[in-house]
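Take a look at the structure below.
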Amino acid sequence: MVLRIATAGSVDDGKSTLIGRLLHDTKTVFEDQLRAVERASLRYGDGSTNLALLTDGLRAEREQGITIDVAYRFFGTPRRTFVVADTPGHAQYTRNMVTGASVSDVAIVLVDARVGPSEQTKRHLFICSLLGVQRVVVAVNKMDLVDWSRTVFDDIVAEVTEHIGLLPYPLEVDSIPLSALLGENVVDRGSMMPWYEGPSLLEHLEDIEPRRSEASGARLAVQYVIRPHGVEHHDYRGFAGRLFGGSLAVGDEVTVLPGGRTSKISALSRAGVDVFEAQAGQSIAVQLVDDIDVGRGDVIVPSSPALPLVADEFLADISWMSESVLSEGSRWTIKHNSRTLRAIVTSVRHRYDVLGGSVAPTDRLELNDLGVVSIATTAPLVWEPYDRRRSGGAAILMDEATGMTVGAIMLRDRISS
Amino acid sequence: MSLHHIDGLDLGIDELEDEAVEIIREVAAESRNPVLLFSGGKDSAVLLHLAWKAFRPGRIPFPVMHVDTGHNFDEVLDYRDRMVESYGVRLVIASVQESIDSGRVVEDPSPRSSRNRLQSVTLLDAIAKHEFSAAFGGGRRDEDKARAKERIISFRDRFGQWEPRNQRPEPWNILNTRTRQGEHVRAFPLSNWTELDVWRYIGRERIELPDIYFSHRRVVVERDGMLLGVGGPVVPEPGESVRELVVRYRTVGDASCTGAVISSASTVDEVIAEVAAARITERGATRADDNFSDSAMEDRKREGYF
């Protein structure tokens, strides 16, 4: 199974060096890429080969020695394949960190052993908590610069543990002392810290079980209705989408939400090939026995046991990603699964203090703020709370005029009017 | 999502197919007037096949477009026409030669010039002319470090430009294809595929490719560390070494800047074995355009390149 990892931080923490080290020591780096990095290291005046240049892909990033955007990197071992969503750690890149965390199972949170948990460390931990990345690895880096001291490591672990108690949603944390520059405890267990008996970072990543605490129950959000216009397939109507949360089979009784009409599955295909049963994660098309009205944005679910929730007013966490201000009464376009609707932010309630974990009342959110809002949609959404099922509670807000993505939303609760 | 040098991994080809089909259906549902960019290369062949599967038993609900540099491998044009016929899809051709004739671009007169970079203008002109709102491309994040930063849906402004600092965030991979008049998005359903994934999928689905992807004898000239096929735009200069070798191509682009590799791999299985053992990326091995500088791909992408 593929393990998706979020990282955040800057070159100061040694994050790019750490990822470069993972790529290099797992032999994922191709010869021409390594030669290019060696050439660039000379040009930018680094003494030795700067492994950080493997991940900092844009020219501005190499010149300024910073990570600007989300980069997706692949590496692997005989035991597992990894996808790293690598993001910058400064406050002005909060939206990039949110994006990286939203698609990840595990996060590597970096701490510089010389300085302890920084603002960036705390920000990343907060975002992991909010976005539901429940497994976190705290990599205490630059142990070589603190004489491989166990006391330093233990103090940092204690401080991180205390901070986690302040976060809005639970995190499970493991900590590893290492030196990305020297490769100690990154891929291989080193010899410099005999007091540390745990696994290397890579060994830990190979073993870790992601907590995909998704609720069960199949959900098919209809993306597209396939209607061939030939004589041969005159009556064919295929409701196409990606299946989540469970399986569907020919003969299953289903309900189409939010309308509530019921029918039975007459045929199924996966990526255009007929199948009897479809599994979670597959891109499928469903045909129904009855000629009922089903369109893009509708959700097909098994008629039993529990039907998902239908609501049009919500309490939600939000990551604000736009330079325009989010204020009460503002109108946006919301996209939730395959349904796109108009939405109004009925109130802006709180802004999170990302470093302290508390909330402060506010009536507006600005770029890179994280907060709590209530939001109403012009028609009902078929939803589930985000912590029960990511795909049931995740949505984006778009600017109606420019089309830009301005917010990431986690639906937490319904508001009954 | 897999690695080139490791055998026995669960390569997740099915999962990659599911993801690509989801992206293709989403863009087709949301975007006003999409088009699929078809070069005749292996990535666009996989893309076309996925589009066909995504809408079966219906037809592919958008046309394909070939940006014709005029410096094509003959085999690739024949192949393009056969594929368009067998997948039952409409073909739009955008011609770099017409861009040159009409003065939109000026060709570098040197014998070593490539039309690769000129394609961006032709591509953007064609997108504007046909009012395409979304263009599917076969780009993959493993190809290049600038591509590793690319979104699945990549926004292009009214000038067709890619601004890496101004890309739309894609939390949870929820796709935003919205555009205003004159803007468009590029959509990359193969973002998370590697070269090896592409080849394994070609093998599994029995997708036909141009012959030049497989081992054959060809007269080549060695130039800038690459083997360029002699003929058409490639004319040997005095002092250059010209030889007949057994080669194949790892990528198919403008004939003037796409190099061959020495290879005896004549079947898909043999190519898979060769790719799995490779220690040099396909672009590093075969594309003069990317070796030009450290940020060559980034610079071309900003100008509107594929």
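Bear in mind that the values in this text are calculations on the coordinates, not laboratory data. These numbers were taken from a predicted model, which means no experiment stands behind them. Neighbour counts are summed over all protein chains in view; Cβ atoms, including those assigned to glycine, are modelled from backbone coordinates with ideal geometry.
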| field | Distance histogram in 20 Å bins (all Cα pairs of the protein assembly as shown, percent per bin) | value | 17, 50, 30, 3, 0
| Highest-fluctuation residue, A:A113, A:A85, A:A267 considered, GNM on chain A with Cα pairs under 10 Å | A:A267
| Using θ = phi - 60° and Karplus 6.51 cos²θ - 1.76 cosθ + 1.60, couplings along the range A:320-331 (whole Hz; Gly, Pro as x) | 8, 10, 10, 6, 6, 8, 8, 10, 5, x, 6, 10
| request: Using only the alpha carbons, work out the radius of gyration and Dmax of the range A:309-414 in angstrom. | output: 12.7, 37
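Treat the count of other C-beta atoms within 10 Å as a stand-in for reagent exposure and order A:D312, B:D157 from fewest to most. Intermediate values should be presented prior to the final figure.
Numbers: A:D312 18, B:D157 15.
Ordered from fewest to most neighbouring Cβ atoms within 10 Å, A:D312, B:D157 come out as B:D157, A:D312.
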| What full-extension length gain, to one decimal in nm, is calculated for B:S86 and B:R180 as 0.36 nm per residue of separation minus the Cα-Cα distance? | 30.4 nm
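If you take the beta carbon distance between A:D413 and A:V359 as r and set R0 to 22 Å, what does 1/(1 + (r/R0)^6) give as a FRET efficiency, to the nearest 0.05?
On the way: r = 15 Å, r/R0 = 0.70.
Calculated value: 0.90.
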| note | Calc'd 3J(HN,Hα), the range A:167-174, phi into Karplus 6.51 cos²θ - 1.76 cosθ + 1.60 (θ = phi - 60°), Hz, glycine/Pro = x, comes to 7, x, 10, x, 10, 10, 10, 10
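At a 10 Å Cβ-Cβ cut-off, how would you order B:D74, A:D86, A:D293, fewest neighbours first? Could the numbers behind the result be given before it?
On the way: B:D74 12, A:D86 27, A:D293 8.
Ascending Cβ contact count within 10 Å gives the list A:D293, B:D74, A:D86.
Only bridges whose two residues both fall in the protein assembly as shown count here: according to DSSP, what percent of them are antiparallel, nearest 5? All intermediate terms of the calculation are to be shown ahead of the outcome.
Values: 100 of 138 bridges.
Of those bridges, close to 70 percent are antiparallel.
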| field | Sequence of A:D363, A:D252 once ranked by neighbouring C-beta atoms within 10 Å, starting from the fewest | value | A:D363, A:D252
| note | Where a ≥ b ≥ c are root eigenvalues of the Cα gyration tensor, a/c under 1.5 meaning rounded, otherwise prolate if a/b exceeds b/c and oblate otherwise, chain A counts as prolate
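How big is the equivalent ellipsoid of the range A:219-302 along its three axes, where each semi-axis is √(5λ) from the Cα gyration tensor, reported in whole Å from largest to smallest? Working shown, then result.
Details: eigenvalues 61, 45, 28 Å².
In descending order, the three semi-axes are 17, 15, 12 Å.
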| request: Pull up all non-local amide H partners of B:S95: gap of 5 or more, or a different chain, and H-to-H distance under 5 Å with H placed in the peptide plane. | output: B:D68
